[in-house]
Structures are given as C-alpha cells and as structure tokens.
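Take a look at the structure below.
The values are calculated or read from the model by the stated rules, or taken from the named source; none is laboratory data. Everything numeric in this text was worked out from a predicted model, so none of it was measured. Note that each Cβ is placed from the backbone with ideal geometry, even for glycine, and that neighbours are counted across all protein chains shown.
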Amino acid sequence: MGKHPDPDRGRRTVWSILTTVVLVVRVLATILATFCVFAWIVAAFRDSLLNPWLWWAVGSVIAILVSTYLYSYLRVRYPSASERWEE
C-alpha cells in the first residue's frame with residue numbers, strides 16, 4: 001500500500017551533511033586565504049616575510065587543499081543519485 005522505505009536514505013543524509021560541512025569549510029577557507037595573503041603581503045613590505053600573517057595564510061591554504069580532497073573523495077564514493085549531469 002504505502003511506499004517502501006529507501007534503504008539508502010540514512011547514507012544519503014549523512015553524505016549530504018558531510019558534503020555541506022566540507023563546502024562551508026571550503027568557502028570560508030577561500031575567503032580567509034584571500035584576506036590573509038593580502039595582509040601577509042602588506043605586512044611583508046612593512047616588516048619581514050616571516051610575519052604572523054604568513055602562518056594564517058598557510059593554514060587557510062592547507063584547509064582549502066584538505067577540503068578539496070575530502071569533497072572529491074565524497075563525490076567519488078557517494079555519487080549523485082540524480083540524472084541531471086549524466087545525460
């Protein structure tokens with residue numbers, strides 16, 4: 001009578017939550033990297049290349065790289081169920 005429950009619903013829900021978190025981290029890390037690199041360049045002209053902004057810039061770039069890897073891993077491991085891209 002009723003619809004049968006989808007056995008992959010829990011997996012897709014967890015995948016959606018993880019993907020959302022990874023994408024939010026990517027966006028924030030990209031904004032932070034842009035700001036920190038500019039601040040590092042300005043501070044490098046005023047003081048030295050090894051100023052505290054360098055480490056914030058390096059950390060945000062590492063966050064971008066890790067989140068990009070995690071996103072690509074999630075996309076390969078749990079591909080989209082919709083047919084919109086596979087035409």
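Output the residues belonging to region 42-58 that are in a helix (DSSP H, G or I) and surrounded by 14 or more Cβ atoms within 10 Å (Cβ to Cβ). Steps first, please.
Taking region 42-58 as the starting set, the residues that turn out to be in a helix (DSSP H, G or I) are 42-46, 52-58.
Selection gives Ala43, Ala44, Trp53, Leu54, Trp56, Ala57, Val58.
Scanning region 3-27 for residues that are more than 16 Å from Arg77 (Cα to Cα) and either of a type outside the set (A, V, I, L, M) or surrounded by fewer than 10 Cβ atoms within 10 Å (Cβ to Cβ) (or both) turns up Lys3, His4, Pro5, Asp6, Pro7, Arg26. For region 25-59, filtering for residues that are touching a residue at least 24 places away in the same chain (Cβ under 8 Å) and among the polar types (S, T, N, Q) leaves 1. Look at region 13-24: where a residue is touching a residue at least 60 places away in the same chain (Cβ under 8 Å) and among the aromatic types (Phe, Trp, Tyr) and a partner is surrounded by 12 or more Cβ atoms within 10 Å (Cβ to Cβ) and in a helix (DSSP H, G or I), sitting 6+ places away or on another chain with Cβ atoms under 9 Å, you get Trp15/Leu74. Residues that are among the aromatic types (Phe, Trp, Tyr), under 22 Å from the mean Cα position of the chain (by Cα) and closer than 25 Å to Tyr73 by Cβ are absent from region 28-38. Considering only residues in region 61-87 that are among the hydrophobic types (A, V, I, L, M, F, W, C) and closer than 18 Å to Val21 by Cβ, the one that is modelled with the lowest pLDDT turns out to be Val76.
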